[in-house]
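Below: the structure, in structure tokens.
The values are calculated or read from the model by the stated rules, or taken from the named source; none is laboratory data. Keep in mind it's a predicted model, so treat the numbers as computed, not measured. Virtual Cβ from ideal backbone geometry, glycine too; neighbours counted across all protein chains shown. Calculation scope for accessible area: heavy atoms of the full protein, side chains included, ligands and nucleic acids excluded. Shrake-Rupley method; radii C 1.70, N 1.55, O 1.52, S 1.80 Å.
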Amino acid sequence: MGPITLFDKSFLQSLNVDESVWFDHFFLTNVCPLFYVETMADLEKSPRKGRTEEDEVKIIADKFPQMHGMPCAHHTELCTANLLGRGVPMTGQIPLAGPAQLVKTDGKSGAVYEHSPEAEAFSRWQNGEFLEVERLYAKVWRSSLSPLDSKVVAREVRSLDIDAASCKTLEDAKCLAEGVVARRSKPAARMKLALMSLNIPTGLHGQILKRWMNTNHPPLAQYAPYATHILTVVLFYTIALAANLISNERPSSRVDVAYLFYLPFCMMFVSSDRLHEKCASLFMRSDQVFVWGPDLKSGLTELNNYYLKMPDSERGKGVYSFAGDPPEIGSGIVRRLWGQLLPKWNKHEETDVADRPVVGTTIEEIKRMASAPPLSPFEVDFNPDDTERFIIKRRVARRKGSWYQVPKGIKAEQE
């Protein structure tokens, strides 16, 4: 598995099915909730000539990363938990969508994640099966993408004592947003602004404020770093809109900017969206990279052409049997990203897939863990957030495009 990668719908949409196989194979992908809802919203869009709305969604679903896609928890849930005192790692790990079944087998603690509802939906969509409730959600989502009232945006910015006219660049907007969040004056009013701006359920406001005051009302950045990140992005967007640095004529910009909420949970972000190209790097750590979608697509095309030269007998064994480290071919962008973002891999001496020793958890251990009965709350004697191992159950197509994702001869019930 390669670098932890956040991607948006525009990038996955740009790939063909074969290229999507190699994206899934060489990158560990953060499948954030926005990708699901954006795809669902296509059920309410006007399709291209000769296609139905269902056709458009199925095309995207066919490219969904089945092998290494990791379902990320929703940013609102994480933000709320952060404000209630729970830590949210912001150094590249993916906070998995739960809940998980906690188990203990072979003396080790574990968590088993069942098929997520979103992943189940994508499996159905690949078969052209759509539920009425999904169409309803799609309609609600599309209606929420109408342009914001420019007068309302301007009023919100003035309430923060910000002169939008002084904001000339997106970098200026980011600095102004950070300044608003960092101010020490009127801390209670600032915390209430955060709770409203972050859409925290009103029933939790009192509990959060009480806990915050009991800790001597520290600055938001110290008290809840992830909530601070989200609030900074929200204020940045509001300021940039008021300063006409981001167009309000493109309704999807609200969703595009929301992808930035998930930047702490990746090593790289790949997108074919110009707004992401302009804004993402402003909110990324020094050890992260933004990758322009067409560049990575070209690299995946090179990989696909390279592996297509292999004999059918080898390809039938499944991609895991012959595709280990990314090869040195063409532009080498995939290999270069591995080297840049996975320094330990960059230092190790490469070996053929077949020559690598089998280490870690065995297949039998995995089966025992997957079938273990869940522990009751009274039986859990370990930290649920720090289990020794975890399993994510997946539905994987035997063949995808030109490629067998699992060996050709594997039985359907074993997939």
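Here are a few things to note about the model shown:
- Computed on the range 39-81, the Cα convex hull volume stands at 79 Å³ per residue.
- Between the range 254-312 and the range 44-99, the Cα center-to-center distance that results, in Å: 15 Å
- Between the residues HIS75, PHE122, THR29, the greatest Cα displacement towards the positive end of the dipole of the chain, with unit charges on the Cβ of Lys, Arg, Asp and Glu, is found for HIS75.
- Over the residues of the chain, the helix contribution to mean residue ellipticity at 222 nm works out to -13000 deg cm²/dmol, using -39500 (n - 2.57) for each DSSP H run of at least 4.
- Note that the chain presents 51 Å² accessible area per residue, ligands and nucleic acids not counted, probe 1.4 Å.
- Debye, to nearest 20: dipole size of the range 1-84, +1 on Lys, Arg Cβ, -1 on Asp, Glu Cβ: 100 debye
- Surface share of carbon and sulfur [accessible, 1.4 angstrom probe, percent] for the chain: 53 percent
- Residue pairs, from the table LYS9/LYS168; LYS104/LYS344; LYS174/LYS278, whose Cα atoms sit over 21 Å apart: LYS9/LYS168; LYS104/LYS344
- Reachable lysines from LYS309, criterion Cα separation under 25 angstrom, eight or more residues apart if same chain: LYS63, LYS297, LYS317, LYS400, LYS408
- Calculated on alpha-carbon atoms, Rg and Dmax of the range 1-89 in Å: 15.3, 52
- Dipole moment magnitude, nearest 20 debye, the range 166-279 about Cα centre, only Lys, Arg, Asp, Glu C-beta charged: 520 debye
- Against the rule of thumb 2.2 N^0.38 Å, how large the Cα Rg of the range 183-259 comes out: 1.25
- Derived scalar couplings ³J(HN,Hα) [the range 66-80; Karplus, 6.51 cos²θ - 1.76 cosθ + 1.60; whole Hz; x for Gly, Pro]: 7, 7, 10, x, 10, x, 8, 5, 5, 4, 5, 4, 5, 5, 4
- Relative contact order [Cα under 8 Å, 6+ residues apart], the chain, whole percent: 26 percent
- Nearest 10 degrees, 0 to 90: helix 150-159 Cα axis against the chain principal axis: 70 degrees
- Dipole magnitude of the chain about its Cα centre (Cβ charges: Lys, Arg +1; Asp, Glu -1), debye to nearest 20: 880 debye
- Fraction of antiparallel bridges per DSSP, the chain only, in percent to nearest 5: 30 percent
- Across the chain, counting alpha-carbon atoms alone, Rg and Dmax equal 22.9, 70 Å.
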